Amino acid sequence: MSDNLKQKMLGALAWSSVDRIGQQVVQTAIGLILARLLNPTDFGLLGMVAIFAALSYVLVESGFGQALIRKQDANETDYNTIFYFNIFTSLLLYLILFSCAPFIADFFHQPKLVIITRISFLAILCNAFYLVPFTQLVKAMDFKAVAKVNLISTALSGLLGIIFAIMHLGVWSLVIQQLSYHFFRLVLFHFSVKWRPKWLFSFQVIRNFWKFSVHLLGTSILNVVFNNLYVFVLGRFYPVKEVGFYSQSNKLSETFNYSFQQVLLSSTYTLFTQVQDDNPRLIRIFREVTKKTSLITFPIVMVLIAIAYPFIYVLLTAKWLPSVPYFQLLCLASLFTPFYVLNMCALNARGKSKITFGIEIVKKSLIIISVLSCFSFGIIGLLLGYVLSCFISYLISTFYIKKDIHLSINIQIRDLLPNMVVGGILAILAFSVSLFIAKPLILLTSQLILVSILYILYIRFTQPKLIGQVFGIAGDKIGTFMKSIKERKR
(Lines give C-alpha, C1' and ligand atoms only; values in the text may rest on other atoms or scores of the structure.)
Protein backbone atom coordinates (compact mmCIF):
# COMPACT_ATOMS: atom_id res chain seq x y z
CA MET A 1 0.00 0.00 0.00
CA SER A 2 1.48 3.39 -0.98
CA ASP A 3 2.21 5.84 1.82
CA ASN A 4 -0.35 8.33 0.52
CA LEU A 5 -3.13 5.77 0.25
CA LYS A 6 -2.18 4.28 3.60
CA GLN A 7 -2.38 7.70 5.25
CA LYS A 8 -5.77 8.29 3.67
CA MET A 9 -6.96 4.91 4.89
CA LEU A 10 -5.74 5.52 8.45
CA GLY A 11 -7.21 9.00 8.48
CA ALA A 12 -10.52 7.78 7.10
CA LEU A 13 -10.75 4.96 9.62
CA ALA A 14 -9.71 7.24 12.48
CA TRP A 15 -12.26 9.97 11.76
CA SER A 16 -14.97 7.48 10.82
CA SER A 17 -14.35 5.85 14.18
CA VAL A 18 -14.49 9.20 15.95
CA ASP A 19 -17.72 9.96 14.11
CA ARG A 20 -19.50 6.68 14.81
CA ILE A 21 -18.15 6.03 18.28
CA GLY A 22 -18.69 9.66 19.25
CA GLN A 23 -22.24 9.59 17.93
CA GLN A 24 -22.99 6.37 19.74
CA VAL A 25 -21.56 7.67 23.00
CA VAL A 26 -23.71 10.79 22.75
CA GLN A 27 -26.77 8.87 21.52
CA THR A 28 -26.37 6.27 24.25
CA ALA A 29 -26.13 8.93 26.95
CA ILE A 30 -29.18 10.72 25.54
CA GLY A 31 -31.03 7.43 25.05
CA LEU A 32 -30.43 6.40 28.65
CA ILE A 33 -31.81 9.71 29.90
CA LEU A 34 -34.84 9.47 27.62
CA ALA A 35 -35.45 5.83 28.59
CA ARG A 36 -35.63 6.90 32.23
CA LEU A 37 -37.92 9.85 31.48
CA LEU A 38 -40.23 8.10 29.00
CA ASN A 39 -42.22 4.86 28.92
CA PRO A 40 -41.73 1.83 26.64
CA THR A 41 -45.01 2.80 24.95
CA ASP A 42 -43.50 6.10 23.74
CA PHE A 43 -40.63 4.27 22.06
CA GLY A 44 -43.07 1.72 20.66
CA LEU A 45 -45.20 4.37 18.95
CA LEU A 46 -42.27 5.94 17.13
CA GLY A 47 -40.85 2.53 16.33
CA MET A 48 -44.03 1.62 14.46
CA VAL A 49 -43.46 4.33 11.84
CA ALA A 50 -39.66 4.00 11.66
CA ILE A 51 -39.89 1.65 8.69
CA PHE A 52 -41.70 4.26 6.58
CA ALA A 53 -39.18 7.00 7.37
CA ALA A 54 -36.16 4.75 6.79
CA LEU A 55 -37.60 3.47 3.51
CA SER A 56 -38.13 7.04 2.36
CA TYR A 57 -34.52 8.01 3.08
CA VAL A 58 -33.35 5.12 0.93
CA LEU A 59 -35.69 5.95 -1.94
CA VAL A 60 -34.61 9.58 -1.90
CA GLU A 61 -30.93 8.64 -2.13
CA SER A 62 -31.64 5.82 -4.61
CA GLY A 63 -28.07 4.50 -4.48
CA PHE A 64 -26.82 7.55 -6.38
CA GLY A 65 -24.54 8.60 -3.52
CA GLN A 66 -22.31 5.54 -3.96
CA ALA A 67 -22.47 5.98 -7.71
CA LEU A 68 -21.12 9.54 -7.35
CA ILE A 69 -18.35 8.29 -5.06
CA ARG A 70 -17.42 5.54 -7.50
CA LYS A 71 -17.27 7.88 -10.52
CA GLN A 72 -13.73 9.24 -10.60
CA ASP A 73 -14.53 12.32 -12.74
CA ALA A 74 -17.91 13.41 -11.31
CA ASN A 75 -18.74 16.95 -12.47
CA GLU A 76 -21.20 19.72 -11.62
CA THR A 77 -23.87 18.29 -13.91
CA ASP A 78 -23.69 15.00 -12.03
CA TYR A 79 -23.97 16.65 -8.61
CA ASN A 80 -26.77 19.03 -9.57
CA THR A 81 -28.78 16.35 -11.33
CA ILE A 82 -28.72 14.11 -8.26
CA PHE A 83 -29.47 17.09 -6.00
CA TYR A 84 -32.68 18.00 -7.84
CA PHE A 85 -33.66 14.36 -8.24
CA ASN A 86 -33.39 13.91 -4.46
CA ILE A 87 -35.56 16.94 -3.77
CA PHE A 88 -38.26 15.90 -6.24
CA THR A 89 -38.34 12.35 -4.84
CA SER A 90 -38.55 13.57 -1.23
CA LEU A 91 -41.49 15.88 -1.99
CA LEU A 92 -43.35 13.12 -3.77
CA LEU A 93 -42.76 10.63 -0.96
CA TYR A 94 -43.79 13.08 1.75
CA LEU A 95 -47.08 13.83 0.01
CA ILE A 96 -47.78 10.10 -0.34
CA LEU A 97 -46.99 9.40 3.30
CA PHE A 98 -48.99 12.44 4.46
CA SER A 99 -52.02 11.03 2.64
CA CYS A 100 -51.44 7.52 3.96
CA ALA A 101 -51.09 8.57 7.62
CA PRO A 102 -54.68 7.52 8.55
CA PHE A 103 -54.17 4.08 7.01
CA ILE A 104 -50.91 3.61 8.94
CA ALA A 105 -52.70 4.53 12.17
CA ASP A 106 -55.55 2.11 11.42
CA PHE A 107 -53.14 -0.73 10.64
CA PHE A 108 -51.46 -0.45 14.05
CA HIS A 109 -54.72 0.48 15.86
CA GLN A 110 -53.09 3.68 17.15
CA PRO A 111 -55.02 6.90 16.25
CA LYS A 112 -52.16 9.05 17.61
CA LEU A 113 -49.98 7.96 14.72
CA VAL A 114 -51.79 10.23 12.22
CA ILE A 115 -50.31 13.47 13.52
CA ILE A 116 -47.08 11.78 14.67
CA THR A 117 -46.30 10.50 11.16
CA ARG A 118 -47.17 13.75 9.42
CA ILE A 119 -44.81 15.75 11.61
CA SER A 120 -41.94 13.25 11.87
CA PHE A 121 -41.85 12.62 8.10
CA LEU A 122 -40.82 16.24 7.49
CA ALA A 123 -37.31 14.95 8.17
CA ILE A 124 -37.42 13.33 4.72
CA LEU A 125 -37.33 16.77 3.09
CA CYS A 126 -34.32 17.86 5.17
CA ASN A 127 -32.53 14.63 4.29
CA ALA A 128 -32.86 15.28 0.55
CA PHE A 129 -31.23 18.71 0.75
CA TYR A 130 -27.97 17.55 2.35
CA LEU A 131 -27.27 14.25 0.55
CA VAL A 132 -25.07 15.78 -2.17
CA PRO A 133 -22.87 17.85 0.21
CA PHE A 134 -22.50 14.77 2.39
CA THR A 135 -21.47 12.68 -0.64
CA GLN A 136 -18.89 15.28 -1.67
CA LEU A 137 -17.23 15.10 1.74
CA VAL A 138 -17.18 11.29 1.68
CA LYS A 139 -15.79 11.24 -1.86
CA ALA A 140 -12.98 13.56 -0.74
CA MET A 141 -12.47 11.28 2.31
CA ASP A 142 -12.98 14.35 4.53
CA PHE A 143 -14.39 12.31 7.39
CA LYS A 144 -13.23 14.94 9.87
CA ALA A 145 -15.87 17.37 8.59
CA VAL A 146 -18.50 14.61 8.50
CA ALA A 147 -17.70 13.69 12.11
CA LYS A 148 -18.06 17.28 13.29
CA VAL A 149 -21.44 17.70 11.60
CA ASN A 150 -22.81 14.42 12.92
CA LEU A 151 -21.61 14.95 16.48
CA ILE A 152 -22.98 18.49 16.72
CA SER A 153 -26.31 17.44 15.17
CA THR A 154 -26.63 14.44 17.49
CA ALA A 155 -25.85 16.49 20.61
CA LEU A 156 -28.17 19.41 19.79
CA SER A 157 -31.10 17.23 18.72
CA GLY A 158 -30.64 15.03 21.79
CA LEU A 159 -30.66 18.05 24.06
CA LEU A 160 -33.94 19.20 22.52
CA GLY A 161 -35.41 15.73 23.00
CA ILE A 162 -34.44 15.71 26.69
CA ILE A 163 -35.93 19.18 27.23
CA PHE A 164 -39.26 18.09 25.73
CA ALA A 165 -39.18 14.87 27.76
CA ILE A 166 -38.67 16.86 30.99
CA MET A 167 -41.70 18.91 29.94
CA HIS A 168 -43.68 15.61 29.96
CA LEU A 169 -44.44 15.68 26.22
CA GLY A 170 -43.92 11.92 25.87
CA VAL A 171 -43.49 10.62 22.33
CA TRP A 172 -43.22 14.16 20.96
CA SER A 173 -39.80 14.50 22.56
CA LEU A 174 -38.66 11.62 20.32
CA VAL A 175 -40.30 13.19 17.25
CA ILE A 176 -38.58 16.53 17.86
CA GLN A 177 -35.26 14.78 18.42
CA GLN A 178 -35.51 12.98 15.08
CA LEU A 179 -36.70 15.98 13.08
CA SER A 180 -34.15 18.43 14.51
CA TYR A 181 -31.29 15.98 13.89
CA HIS A 182 -31.87 16.10 10.13
CA PHE A 183 -32.43 19.87 10.18
CA PHE A 184 -29.09 20.47 11.90
CA ARG A 185 -27.34 18.16 9.42
CA LEU A 186 -28.90 20.11 6.54
CA VAL A 187 -27.53 23.42 7.80
CA LEU A 188 -24.10 22.15 8.85
CA PHE A 189 -23.32 20.07 5.76
CA HIS A 190 -24.02 22.99 3.45
CA PHE A 191 -21.91 25.22 5.68
CA SER A 192 -19.02 22.70 5.62
CA VAL A 193 -18.95 22.16 1.86
CA LYS A 194 -20.00 25.63 0.73
CA TRP A 195 -21.38 23.98 -2.42
CA ARG A 196 -24.23 25.82 -4.12
CA PRO A 197 -26.55 24.13 -6.63
CA LYS A 198 -26.75 25.40 -10.20
CA TRP A 199 -29.49 25.08 -12.77
CA LEU A 200 -28.05 21.95 -14.32
CA PHE A 201 -29.92 18.72 -14.94
CA SER A 202 -29.42 15.75 -17.24
CA PHE A 203 -31.61 12.69 -17.61
CA GLN A 204 -28.57 10.97 -19.13
CA VAL A 205 -26.84 11.19 -15.73
CA ILE A 206 -29.80 9.44 -14.12
CA ARG A 207 -29.76 6.73 -16.80
CA ASN A 208 -26.01 6.17 -16.51
CA PHE A 209 -26.01 6.00 -12.71
CA TRP A 210 -29.13 3.89 -12.63
CA LYS A 211 -27.37 0.88 -14.15
CA PHE A 212 -25.12 0.70 -11.09
CA SER A 213 -27.43 2.20 -8.46
CA VAL A 214 -30.53 0.10 -9.08
CA HIS A 215 -28.98 -2.94 -7.43
CA LEU A 216 -27.75 -0.89 -4.48
CA LEU A 217 -31.21 0.64 -4.18
CA GLY A 218 -32.78 -2.79 -4.17
CA THR A 219 -30.34 -3.96 -1.51
CA SER A 220 -31.02 -0.89 0.63
CA ILE A 221 -34.78 -1.29 0.34
CA LEU A 222 -34.52 -4.90 1.39
CA ASN A 223 -32.32 -3.91 4.33
CA VAL A 224 -34.74 -1.26 5.53
CA VAL A 225 -37.80 -3.47 5.20
CA PHE A 226 -36.22 -6.41 6.96
CA ASN A 227 -34.39 -4.37 9.60
CA ASN A 228 -37.80 -3.06 10.62
CA LEU A 229 -39.75 -6.23 9.90
CA TYR A 230 -39.92 -7.36 13.51
CA VAL A 231 -41.12 -3.97 14.73
CA PHE A 232 -43.76 -4.09 12.00
CA VAL A 233 -44.92 -7.57 13.02
CA LEU A 234 -44.81 -6.84 16.74
CA GLY A 235 -46.66 -3.54 16.26
CA ARG A 236 -49.47 -5.32 14.44
CA PHE A 237 -49.88 -8.38 16.68
CA TYR A 238 -48.39 -7.46 20.09
CA PRO A 239 -48.98 -4.67 22.68
CA VAL A 240 -47.22 -1.35 22.06
CA LYS A 241 -45.09 -1.94 25.16
CA GLU A 242 -43.53 -5.05 23.57
CA VAL A 243 -42.59 -2.96 20.54
CA GLY A 244 -40.90 -0.55 22.93
CA PHE A 245 -38.95 -3.36 24.62
CA TYR A 246 -37.80 -4.71 21.27
CA SER A 247 -36.94 -1.25 19.89
CA GLN A 248 -34.86 -0.36 22.92
CA SER A 249 -33.00 -3.67 22.97
CA ASN A 250 -32.35 -3.35 19.23
CA LYS A 251 -31.04 0.18 19.71
CA LEU A 252 -28.73 -0.98 22.50
CA SER A 253 -27.41 -3.91 20.47
CA GLU A 254 -26.71 -1.55 17.58
CA THR A 255 -24.90 0.95 19.80
CA PHE A 256 -21.65 -0.78 19.01
CA ASN A 257 -22.34 -3.06 16.06
CA TYR A 258 -24.15 -0.61 13.78
CA SER A 259 -21.53 2.05 14.46
CA PHE A 260 -18.79 -0.34 13.42
CA GLN A 261 -20.72 -1.27 10.28
CA GLN A 262 -20.99 2.38 9.28
CA VAL A 263 -17.28 2.94 9.90
CA LEU A 264 -16.53 0.02 7.59
CA LEU A 265 -19.03 1.12 4.95
CA SER A 266 -17.96 4.76 4.86
CA SER A 267 -14.21 4.19 4.86
CA THR A 268 -13.46 0.75 3.39
CA TYR A 269 -15.79 1.07 0.38
CA THR A 270 -13.94 4.17 -0.80
CA LEU A 271 -10.62 2.46 -0.14
CA PHE A 272 -11.59 -0.78 -1.91
CA THR A 273 -12.69 1.17 -5.01
CA GLN A 274 -9.16 2.60 -5.30
CA VAL A 275 -7.55 -0.86 -5.41
CA GLN A 276 -10.40 -2.73 -7.13
CA ASP A 277 -8.26 -3.73 -10.12
CA ASP A 278 -5.21 -4.81 -8.10
CA ASN A 279 -6.37 -8.16 -6.73
CA PRO A 280 -3.31 -9.11 -4.60
CA ARG A 281 -3.36 -5.67 -3.02
CA LEU A 282 -7.11 -5.86 -2.43
CA ILE A 283 -6.71 -9.24 -0.70
CA ARG A 284 -3.96 -7.91 1.58
CA ILE A 285 -6.03 -4.90 2.61
CA PHE A 286 -9.19 -6.98 2.98
CA ARG A 287 -7.50 -9.49 5.30
CA GLU A 288 -5.85 -6.76 7.33
CA VAL A 289 -9.15 -4.98 7.92
CA THR A 290 -10.89 -8.29 8.71
CA LYS A 291 -8.36 -9.22 11.40
CA LYS A 292 -8.45 -5.80 13.03
CA THR A 293 -12.25 -5.82 12.94
CA SER A 294 -12.49 -9.23 14.61
CA LEU A 295 -10.09 -8.06 17.32
CA ILE A 296 -12.70 -5.50 18.35
CA THR A 297 -16.09 -6.96 17.51
CA PHE A 298 -15.96 -10.52 18.85
CA PRO A 299 -14.83 -9.70 22.41
CA ILE A 300 -17.22 -6.76 22.79
CA VAL A 301 -20.34 -8.44 21.36
CA MET A 302 -19.80 -11.70 23.24
CA VAL A 303 -19.20 -9.90 26.53
CA LEU A 304 -22.35 -7.81 26.01
CA ILE A 305 -24.35 -11.04 25.71
CA ALA A 306 -22.83 -12.31 28.97
CA ILE A 307 -23.48 -9.14 31.00
CA ALA A 308 -26.91 -8.31 29.53
CA TYR A 309 -28.90 -8.49 32.79
CA PRO A 310 -26.88 -6.08 34.96
CA PHE A 311 -26.14 -3.95 31.88
CA ILE A 312 -29.80 -3.20 31.21
CA TYR A 313 -30.77 -3.06 34.89
CA VAL A 314 -28.15 -0.43 35.69
CA LEU A 315 -28.48 1.63 32.53
CA LEU A 316 -32.25 1.56 31.93
CA THR A 317 -33.72 0.56 35.34
CA ALA A 318 -35.82 -2.49 36.19
CA LYS A 319 -38.79 -1.45 34.01
CA TRP A 320 -36.76 -2.46 30.92
CA LEU A 321 -35.67 -5.93 32.14
CA PRO A 322 -38.13 -7.77 29.84
CA SER A 323 -35.90 -6.64 26.96
CA VAL A 324 -32.86 -8.64 28.22
CA PRO A 325 -33.43 -11.81 26.13
CA TYR A 326 -34.24 -9.69 23.07
CA PHE A 327 -30.98 -7.80 23.53
CA GLN A 328 -28.94 -11.01 23.86
CA LEU A 329 -30.39 -12.60 20.74
CA LEU A 330 -29.96 -9.43 18.68
CA CYS A 331 -26.31 -9.24 19.75
CA LEU A 332 -25.85 -12.87 18.75
CA ALA A 333 -27.43 -12.19 15.36
CA SER A 334 -25.01 -9.30 14.80
CA LEU A 335 -21.88 -11.30 15.64
CA PHE A 336 -20.82 -11.84 12.01
CA THR A 337 -22.54 -8.78 10.56
CA PRO A 338 -19.40 -6.59 10.32
CA PHE A 339 -17.68 -9.28 8.23
CA TYR A 340 -20.76 -9.68 6.06
CA VAL A 341 -20.62 -5.91 5.51
CA LEU A 342 -16.93 -6.12 4.61
CA ASN A 343 -17.65 -8.84 2.06
CA MET A 344 -20.42 -6.77 0.48
CA CYS A 345 -18.18 -3.66 0.40
CA ALA A 346 -15.46 -5.57 -1.43
CA LEU A 347 -17.92 -6.97 -3.98
CA ASN A 348 -19.59 -3.59 -4.58
CA ALA A 349 -16.20 -1.92 -5.00
CA ARG A 350 -15.49 -4.44 -7.75
CA GLY A 351 -18.73 -3.40 -9.47
CA LYS A 352 -20.60 -6.57 -8.44
CA SER A 353 -23.69 -4.81 -7.09
CA LYS A 354 -25.87 -7.35 -8.91
CA ILE A 355 -24.26 -10.17 -6.90
CA THR A 356 -24.65 -8.33 -3.57
CA PHE A 357 -28.28 -7.66 -4.40
CA GLY A 358 -28.75 -11.37 -5.05
CA ILE A 359 -27.14 -12.23 -1.72
CA GLU A 360 -29.49 -9.81 0.02
CA ILE A 361 -32.46 -11.45 -1.72
CA VAL A 362 -31.37 -14.82 -0.33
CA LYS A 363 -30.86 -13.36 3.15
CA LYS A 364 -34.28 -11.74 3.18
CA SER A 365 -35.88 -14.94 1.90
CA LEU A 366 -34.32 -16.80 4.81
CA ILE A 367 -35.70 -14.20 7.23
CA ILE A 368 -39.20 -14.51 5.75
CA ILE A 369 -39.04 -18.28 6.09
CA SER A 370 -37.90 -17.94 9.71
CA VAL A 371 -40.73 -15.49 10.52
CA LEU A 372 -43.37 -17.73 8.99
CA SER A 373 -42.04 -20.87 10.66
CA CYS A 374 -41.24 -19.34 14.07
CA PHE A 375 -44.13 -16.89 14.53
CA SER A 376 -46.14 -19.33 16.64
CA PHE A 377 -43.20 -19.62 19.10
CA GLY A 378 -43.41 -15.96 20.13
CA ILE A 379 -40.83 -13.19 20.04
CA ILE A 380 -37.98 -15.41 21.26
CA GLY A 381 -38.70 -17.91 18.50
CA LEU A 382 -38.74 -15.14 15.89
CA LEU A 383 -35.36 -13.85 17.03
CA LEU A 384 -33.79 -17.32 17.08
CA GLY A 385 -34.84 -17.70 13.45
CA TYR A 386 -33.29 -14.32 12.73
CA VAL A 387 -29.97 -15.41 14.28
CA LEU A 388 -29.81 -18.48 12.03
CA SER A 389 -30.70 -16.45 8.91
CA CYS A 390 -27.89 -13.95 9.55
CA PHE A 391 -25.28 -16.67 10.06
CA ILE A 392 -26.22 -18.55 6.87
CA SER A 393 -26.14 -15.29 4.90
CA TYR A 394 -22.61 -14.56 6.09
CA LEU A 395 -21.46 -17.99 4.92
CA ILE A 396 -22.97 -17.34 1.49
CA SER A 397 -21.10 -14.01 1.22
CA THR A 398 -17.78 -15.77 2.00
CA PHE A 399 -18.39 -18.08 -0.97
CA TYR A 400 -18.68 -15.13 -3.35
CA ILE A 401 -15.55 -13.50 -1.89
CA LYS A 402 -13.74 -16.75 -2.67
CA LYS A 403 -15.16 -16.77 -6.18
CA ASP A 404 -14.49 -13.10 -7.00
CA ILE A 405 -11.16 -12.23 -5.37
CA HIS A 406 -9.96 -15.83 -4.92
CA LEU A 407 -9.66 -15.73 -1.13
CA SER A 408 -10.45 -19.20 0.18
CA ILE A 409 -13.13 -19.75 2.83
CA ASN A 410 -10.59 -21.54 5.03
CA ILE A 411 -8.37 -18.46 5.11
CA GLN A 412 -11.37 -16.22 5.82
CA ILE A 413 -12.34 -18.39 8.81
CA ARG A 414 -8.75 -18.65 10.05
CA ASP A 415 -8.54 -14.86 10.09
CA LEU A 416 -11.53 -14.75 12.46
CA LEU A 417 -11.03 -17.80 14.66
CA PRO A 418 -8.39 -16.59 17.19
CA ASN A 419 -10.31 -13.50 18.25
CA MET A 420 -13.58 -15.44 18.27
CA VAL A 421 -12.10 -17.88 20.80
CA VAL A 422 -10.80 -15.00 22.93
CA GLY A 423 -14.23 -13.35 22.86
CA GLY A 424 -15.85 -16.58 24.04
CA ILE A 425 -13.38 -16.97 26.92
CA LEU A 426 -13.92 -13.36 28.05
CA ALA A 427 -17.70 -13.84 27.92
CA ILE A 428 -17.53 -17.01 30.05
CA LEU A 429 -15.32 -15.32 32.63
CA ALA A 430 -17.62 -12.27 32.75
CA PHE A 431 -20.70 -14.43 33.27
CA SER A 432 -18.98 -16.49 35.98
CA VAL A 433 -18.70 -13.33 38.10
CA SER A 434 -22.52 -13.35 38.42
CA LEU A 435 -22.25 -16.59 40.41
CA PHE A 436 -20.59 -14.67 43.25
CA ILE A 437 -22.10 -11.17 43.11
CA ALA A 438 -25.83 -10.38 43.18
CA LYS A 439 -26.13 -6.58 43.26
CA PRO A 440 -26.39 -5.36 39.64
CA LEU A 441 -24.20 -2.26 39.92
CA ILE A 442 -21.36 -4.05 41.72
CA LEU A 443 -21.72 -7.03 39.37
CA LEU A 444 -21.54 -4.92 36.22
CA THR A 445 -18.58 -2.92 37.50
CA SER A 446 -16.69 -6.10 38.43
CA GLN A 447 -17.39 -7.72 35.07
CA LEU A 448 -16.25 -4.69 33.09
CA ILE A 449 -13.04 -4.30 35.11
CA LEU A 450 -12.18 -8.00 34.74
CA VAL A 451 -12.72 -8.22 30.97
CA SER A 452 -11.04 -4.86 30.34
CA ILE A 453 -7.85 -5.93 32.11
CA LEU A 454 -7.77 -9.30 30.35
CA TYR A 455 -8.54 -7.75 26.96
CA ILE A 456 -5.77 -5.16 27.27
CA LEU A 457 -3.31 -7.86 28.31
CA TYR A 458 -4.34 -9.97 25.32
CA ILE A 459 -3.72 -7.08 22.91
CA ARG A 460 -0.47 -6.22 24.68
CA PHE A 461 0.99 -9.69 24.10
CA THR A 462 -0.52 -10.46 20.68
CA GLN A 463 -0.52 -7.02 19.05
CA PRO A 464 2.44 -5.10 20.54
CA LYS A 465 2.83 -2.99 17.40
CA LEU A 466 -0.83 -1.98 17.55
CA ILE A 467 -0.43 -0.74 21.12
CA GLY A 468 2.61 1.25 20.06
CA GLN A 469 0.73 2.77 17.12
CA VAL A 470 -2.21 3.76 19.32
CA PHE A 471 0.01 5.43 21.91
CA GLY A 472 2.06 7.04 19.16
CA ILE A 473 -1.01 8.54 17.48
CA ALA A 474 -2.40 9.64 20.84
CA GLY A 475 0.95 11.23 21.75
CA ASP A 476 1.09 13.09 18.45
CA LYS A 477 -2.45 14.39 18.87
CA ILE A 478 -1.81 15.53 22.45
CA GLY A 479 1.47 17.16 21.40
CA THR A 480 -0.25 19.01 18.54
CA PHE A 481 -3.05 20.11 20.86
CA MET A 482 -0.64 21.43 23.52
CA LYS A 483 1.41 23.21 20.86
CA SER A 484 -1.70 24.96 19.52
CA ILE A 485 -2.59 26.11 23.04
CA LYS A 486 0.92 27.58 23.55
CA GLU A 487 0.72 29.40 20.21
CA ARG A 488 -2.64 30.89 21.14
CA LYS A 489 -1.22 32.17 24.43
CA ARG A 490 1.57 33.91 22.56
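Please get the size of the charge dipole for the range 330-434, origin at its Cα centre, with Cβ charges of +1 on Lys and Arg and -1 on Asp and Glu, quoted in debye to the nearest 20. Don't skip to the answer; put the middle values down first.
Numbers: 8 positive and 3 negative charges, 68 e Å.
Rounded to the nearest 20 debye, it is 320 debye.
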How far, in nm, would the chain grow between Val421 and Leu395 when pulled straight, counting 0.36 nm per residue and subtracting the alpha carbon separation?
7.5 nm
Could you tell me the distance between the Cα centroids of the range 381-427 and the range 353-368, to the nearest Å?
16
Separation between the Met167 and Leu200 pseudo-spin-labels, each 7 Å from Cα along Cα→Cβ, expressed in nm?
4.3
Please compute the length gained on full extension between Val187 and Gln463, using 0.36 nm multiplied by the number of residues separating them and subtracting their Cα-Cα distance.
95.1 nm
Determine the share of the chain's accessible area contributed by carbon and sulfur atoms, expressed in whole percent, with a 1.4 angstrom probe.
69
Could the peptides 301-308, 357-364 be put in order, highest first, of the mean number of other beta-carbon atoms found within 10 Å of their residues?
301-308, 357-364
Net charge contributed by nearby residues that have their C-beta within less than 14 Å of Ser120 (K/R +1, D/E -1):
+1
Restricting to lysine pairs 8 or more places apart or on different chains, what number in the range 295-406 have Cα atoms under 24 Å apart?
12
Here the gain from full extension of Leu321 to Ile33, 0.36 nm per residue of separation minus their alpha-carbon distance, amounts to 102.1 nm
A correct Karplus calculation of ³J(HN,Hα) over the range 387-397, with 6.51 cos²θ - 1.76 cosθ + 1.60, θ = phi - 60°, whole Hz and x for Gly and Pro, returns 4, 5, 4, 5, 5, 4, 5, 4, 4, 5, 5
Label Glu288 and Arg207 with points 7 Å out from Cα along Cα→Cβ: what is the distance between them in nm?
4.2
Rounded, prolate or oblate, given the Cα gyration tensor of the chain, with a/c below 1.5 counting as rounded?
rounded
Sorted by average packing, counted as other Cβ atoms within 10 angstrom per residue and highest first, what order do 151-163, 367-379 take?
151-163, 367-379
Tell me which residues come under 5 Å, amide H to amide H, from Phe121 once H is placed; ignore anything under 5 positions away on its chain.
none
May I ask you to evaluate 6.51 cos²θ - 1.76 cosθ + 1.60, the Karplus curve with θ = phi - 60°, for each residue of the range 448-456 and list the ³J(HN,Hα) values in order in whole Hz, giving x for glycine and proline?
5, 5, 4, 5, 5, 4, 5, 5, 5
Residues in the range 339-354 near a label at Val214, defined as backbone nitrogen under 15 Å from the 7 Å Cα→Cβ point?
353-354
Cα centroid separation - the range 82-160 against the range 276-335, whole Å
27
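The values are calculated or read from the model by the stated rules, or taken from the named source; none is laboratory data. Because the structure is a prediction, the values reported are computed rather than measured. Glycine also receives a Cβ, built like all others from the backbone with ideal geometry; neighbour counts cover every protein chain displayed. Keep in mind that these areas ignore ligands, DNA and RNA; they rest on the heavy atoms of the full protein, side chains included. Shrake-Rupley method; radii C 1.70, N 1.55, O 1.52, S 1.80 Å.
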